[in-house]
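Structure first, then comments.
The values are calculated or read from the model by the stated rules, or taken from the named source; none is laboratory data. Bear in mind that the values here come from a model prediction, so they are computed numbers and not experimental data. Backbone-built Cβ (ideal geometry, glycine too); neighbour counts: all protein chains shown. Areas reflect the complete protein model, heavy atoms only, side chains present, ligands, DNA and RNA absent. Shrake-Rupley method; radii C 1.70, N 1.55, O 1.52, S 1.80 Å.
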Amino acid sequence: MKSVAILQSNYLPWKGYFDIIHSVDLFVFYDDVQYTRRDWRNRNRIKTLRGAEWLTVPTDGDQDKRICDVRLTDPRWQAKHWKSIEQSYSKAPFFRSFRATLEEFYLGERWDHLSDLNQHLIMMISREMLGIRSEFADSRVYAATGSKQERILDLLGRCEATSYLSGPAARDYIDDSRFAERGIELHWQDYGGYPEYAQLYPPFVHGVTILDLLFNVGPAAPWYIWGWRSDPRNPPGPAPV
């Protein structure tokens, strides 16, 4: 049995994105598809004194480019984003636990392609901060063909998947019967029920970057993403370091 999820890379995704990664054996970055502007590919939200605000990575992307071909043209955004994150979360209980790693990411290296930036950041957070053991792959190595659903099915076949976990937005175009014909179990991710946590700058907002959860609850973050489903007790509250 091999469970697979396939999603475009996002910038600093929210906790639901990592919930999907944790739920499968193989997570495939689907970045050889059309780039969409004003979407999650190059932006996400942080909590600030003024409420939830966007952090947007400037790109040369347009509707004629694939995500993997989108370049980052102005490196000044890296220092600006890090400054915004630091200003908004420096007083969070676990900010210092992750500061050195994230500061190196933003200030220690220049990122030239959006896909490289997103994939590196997502894998780093998954492995080093959330302890996720799922494998990662890039869809480009499989050279799948077709469009929309048929391309997903071809990609799943090349991955030797026996089950597919999809985000709920794909219900608009996915035909369950086509997956059954291929012998692939189709499952849908449920984003409902996530517990709230002690978040800076009320009122509470779920739809913000994963960094918000990490900075506020630290090692307890996995419980707030997936652990609560199997263990509904209150999560442990380790002291900040």
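Looking only at strands (runs of 3 or more DSSP E) that lie completely in the range 121-222, which have at least 2 residues being within 19 Å of the chain's Cα centre (by Cα) and of a type in the set (S, T, Y)?
163-166
Give S97, S84, S88 a once-over and let me know the one that is of a type in the set (G, A, S) and touching a Ser or Thr at 6+ places or on another chain (Cβ under 7 Å).
From the options S97, S84, S88, the qualifying one is S88.
Need pairs with beta-carbon distance below 7 Å; first residue within 18 Å of I125 (Cα to Cα) and open to solvent by less than 20 Å² (accessible area, probe 1.4 Å) and within the range 191-211, second part of a loop (DSSP other than H, G, I, E, B) and not hydroxyl-bearing (S, T, Y); sequence gap 6+ or separate chains.
From residues that are within 18 Å of I125 (Cα to Cα) and open to solvent by less than 20 Å² (accessible area, probe 1.4 Å), the pairs are V208/W14; T209/L12; T209/W14; I210/L12; I210/P13; I210/W14; L211/L12.
Test A92 against the criterion of being modelled with pLDDT of 95 or more and under 22 Å from D25 (Cβ atoms), and give yes or no.
no
I need the strands (runs of 3 or more DSSP E) fully contained in the range 1-94, keeping only those with at least 2 residues that are crowded, with 18+ Cβ neighbours inside 10 Å and either β-branched (V, I, T) or without any contact (Cβ under 8 Å) to a residue 12 or more places away in the chain (or both).
Filter on the range 1-94 gives 3-7.
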